Amino acid sequence: MDIPYTTKPRPDTGLYNAKVGIWLFLASEVMLFGGLFSAYIYLRVGAPVDTWPHGWLNVTLGTINTVILALSAITTLLAWAALKMNQFPRYKIFGALTIVLAVAFLSIKAYEYNDKFTHYQVRLNDGRVADGHLIENKKDADHIVLHGHYVAKAAELLDGHSKNAHAHEELTIARADIQGMKFYGPALNNFLAIYYSITILHALHIIGGIIVIGYLWGPGSKMWFTDPERFTNRVEVSGLFWHFVDLVWIFVFPVLYLT
């Protein structure tokens, strides 16, 4: 038995079933990300003066990822347009480019996360704070080695631009002199907590998009030869999801990277 309205529009909505479904799904996604962005605004506005970090994220990498996702939005659209013009080989080219761009985006995010996971704030018994990237030191279990600098107090690190202006050097610190140490993860402060919450959720959507687009590009593309109109509709629906993912990043970049 054939499922109705897989290719023809429903008389009540004017859309085929899958497009109705994706719009309902995207409405729920708006509420999901809207809640997280609202939490960011609440935390940012409610933070005491001069306690919110600035300049902790790599704007250059964020800009590159913005360009990558913008290009992927174009290739997704061109893939769907190629099918509408009955040009299946062109669809395969643009679909492959979309997947490559998505993987490139995730690779850059992985580099950013690794940079944060190896970056530590080390509170010393004398009140100072050492800030820098941890260098593996297998030879000496009684010391840690950072590539960074010392500051009198952690508040001096809130402005990432001034933090980066310090001269960095190799710091060897005795474990006995350490009061506590934390890497730049969600537990460090509210800014990083909301940063990881939003960007990891966004990255999971990117992965989901890669799986769907990859399936349609690979084994799922067999449908083109048996039911091209329905296959084209599937590609359109996956493209709508991908455009939503792109749109979310358009908000993420200025809100988290540029403020």
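Some values worked out for this structure:
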| quantity | calculated |
| --- | --- |
| Value of relative contact order over the range 79-201, rounded to a whole percent, pairs C-alpha under 8 Å and six or more apart | 21 |
| Descending Cα extents along the principal axes, the range 204-244, whole Å | 32, 17, 7 |
| Per-pair calculated FRET efficiency, R0 = 35 Å: Glu156 and Ile200 via Cβ, rounded to 0.05 | 0.75 |
| Other-chain or far-sequence residues with amide H under 5 Å of Leu171's (modelled H) | Leu146, His147, Gly148 |
| Spatially near lysine pairs across the chain, Cα under 13 Å, sequence gap of 8 or more or different chains | 4 |
| Crossing angle, helix 17-46 versus the chain [Cα axis fit, 0-90 degrees, rounded to tens] | 20 |
| Cβ charges +1 (Lys, Arg) and -1 (Asp, Glu), total dipole of the chain, debye | 780 |
| Förster-model FRET efficiency, 22 Å R0, Glu229 and Met31, C-beta, rounded to 0.05 | 0.10 |
| Three-way shape call for the range 100-148 based on the alpha-carbon gyration tensor, with the a/c threshold at 1.5 | oblate |
| Average silhouette area of the range 125-183, convex hull of alpha-carbon atoms, in square nanometres | 4.0 |
| Arg44, Arg175 arranged by Cβ crowding within 10 Å, fewest neighbours leading | Arg175, Arg44 |
| Taking Ile144, Ile213, Ile99, Ile41 and counting other C-beta atoms within 10 Å, the order from fewest to most | Ile41, Ile99, Ile144, Ile213 |
| Whole-number percent relative contact order across the range 125-183, with pairs defined as alpha carbons under 8 Å at least 6 apart | 37 |
| Distance (nanometres) between label positions extended 7 Å along Cα→Cβ at Lys84 and His54 | 4.5 |
| Distance from the range 54-117 to the range 19-35 (C-alpha centre basis), Å | 21 |
| The chain: mean projected area of Cα convex hull, nm² | 18.2 |
| Modelled FRET efficiency - R0 41 Å, Arg123 with Leu247, Cβ distances, 0.05 increments | 0.50 |
| Label point distance in nm, Ala110-Ala167, each placed 7 Å from Cα along Cα→Cβ | 3.7 |
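No value in this document is a laboratory result; all are computed from the given coordinates. Predicted, not measured: the structure shown is a model, and the values here were computed from it. Quick reminder, even Gly has a Cβ in these numbers, built from the backbone with ideal geometry, and neighbours come from all protein chains shown.
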